[in-house]
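Heads up: the structure comes next, in structure tokens.
The values are calculated or read from the model by the stated rules, or taken from the named source; none is laboratory data. Just so we're clear, the structure is a prediction, and the values are computed from it rather than from any experiment. Don't worry about glycine lacking a Cβ; one is built from the backbone with ideal geometry, like all the others, and counts go over all protein chains shown.
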Amino acid sequence: MPDSMYALILAGGSGERFWPLSRRARPKQLLSLVSNKPLLEETLARLEGLIPPERILILTNAEQESAVRKLLRNFPKENIVAEPAKRDTAAAIALGTGWVAVRNHAAIMAVVPADHVITNRAAFQETLTLAADAADETSELVIIGIKPTWACPGFGYIEHGKPVRLRKRPDNEAIHRVVRFREKPNPDLAESFLRRGNFRWNAGMFVWSVPTMLREFNRHAPELSDFLSQLRAPGNFESALRERFSKLPRISFDYAIMEKADRVLVVEAGFDWDDIGSWHAVANYFEKDKRGNAANRAITAIDSSNNIVFEENGTTIALLGVHDLIVVRTSDALLVCHRHEAERIKDFIGKLPPELQ
């Protein structure tokens, strides 16, 4: 692996599906959903021994900056940067690339979300190292793809072609040429992808060299490329961030760059991965009783089945004669909804008082 690898952790998401536990100022990545550590801390822990804290940038937003800094008191203060406005992932990655370029214009950098669950740190680091070697040797964009475990219609897919061999890793078979990116499919198409075997889930994890990324922004996103030039000008980073960022186009990185780039490699992840995008997903990490009730702590359940319970503060939760519910209790709010209505949780948040959003 290159000696001076950097990492950009994207930590500005909202996680509205986890209300009332998540709020605008306390999003999913700051929650302890599947362990005693918040997801952001787990993400940092996965990088330990591979990339030191001084080469890691955590990118959040102004609304969440205070909570992130409070959580990570021992992390370098200057390595937490808040976006002045929400401008989606293309602008965020441009900002992160500029931050790295100011420090090392030839660096290899990884981009990882802050809110995923990955349990095998050694396998994660091995995959990241392989992706870094590929980015360094080929000067191409590299994306980490997850081998599908089921025909999920909720993820974007990566279709891959022939394997690519590296000079330094001639026997490795985990790297392939990307044929194209596919939008979230309908269930039948997702089944087809699973049967064909040459599709991977797009988990939003990338590796590239700074020169490669500057080249791709210049080719496909001139406005973002111009912003990058201003960030990289000596002594100009803070003023460019303050004055230009909020004026950038709101567009995803996949649309702006990845789907337009003509040379992209995919490295198959050698680790288990879960984006835990809903209470249903989180419930897989809870203890379950014989009737399928899943809870983060002990509950009393009589004639009840297939319920999901999350209790934050030690309040006793008792279920009697209810089925297929989600019950989430915090210090100031209570959610009760049917499991099949979970996707609608985010729909009513805007109707709540500001202090509860």
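Give G145, G197, G156, G98 a once-over and let me know the one that is on the phi > 0 side of the Ramachandran plot and of a type outside the set (S, T, N, Q).
Matching residue, one of G145, G197, G156, G98: G197.
Looking only at segment 249-260, count every residue that is surrounded by 18 or more Cβ atoms within 10 Å (Cβ to Cβ) and more than 17 Å from the chain's Cα centre (by Cα) and tell me the total.
2
What pairs can you find where one residue is in segment 339-351 and assigned by TED's automatic domain parsing to the domain that holds A294, the other is surrounded by fewer than 16 Cβ atoms within 10 Å (Cβ to Cβ) and aromatic (F, W, Y), and their Cβ atoms are less than 9 Å apart, with a gap of 6+ or different chains?
Qualifying pairs under 9 Å: none.
May I ask you to verify whether A132 is assigned by TED's automatic domain parsing to the domain that holds H220, farther than 27 Å from S14 by Cβ and not polar (S, T, N, Q)?
yes
Can you name the residue in segment 49-63 that is more than 16 Å from the chain's Cα centre (by Cα) and touching a residue at least 40 places away in the same chain (Cβ under 8 Å) and is also surrounded by the most Cβ atoms within 10 Å (Cβ to Cβ) among such residues?
I51
Residue under question is L95, and the condition is that it be modelled with pLDDT of 95 or more, in contact with a helix residue (DSSP H, G or I) (Cβ under 9 Å, 6 or more places away or on another chain), buried (at least 22 other Cβ atoms within 10 Å of the Cβ) and not polar (S, T, N, Q); does it hold? Lay out the reasoning, then the answer.
Numbers: modelled with pLDDT of 95 or more: yes; in contact with a helix residue (DSSP H, G or I) (Cβ under 9 Å, 6 or more places away or on another chain): yes; buried (at least 22 other Cβ atoms within 10 Å of the Cβ): yes; not polar (S, T, N, Q): yes.
So L95 fits the description; yes.
Among the strands (runs of 3 or more DSSP E) confined wholly to segment 101-196, which include 1 or more residues that are more than 16 Å from M258 (Cβ to Cβ)?
On the way: elements: 108-113, 141-146, 157-163, 175-182.
Once the strands (runs of 3 or more DSSP E) in segment 101-196 are filtered for at least 1 residues that are more than 16 Å from M258 (Cβ to Cβ), what remains is 108-113, 157-163, 175-182.
Listed residues A240, A203; which is crowded, with 18+ Cβ neighbours inside 10 Å and in a helix (DSSP H, G or I)?
A240 is the lone residue from the list that is crowded, with 18+ Cβ neighbours inside 10 Å and in a helix (DSSP H, G or I).
Give E63, E41, E54 a once-over and let me know the one that is modelled with pLDDT under 95, acidic (D, E) and not in a strand (DSSP E or B).
E63
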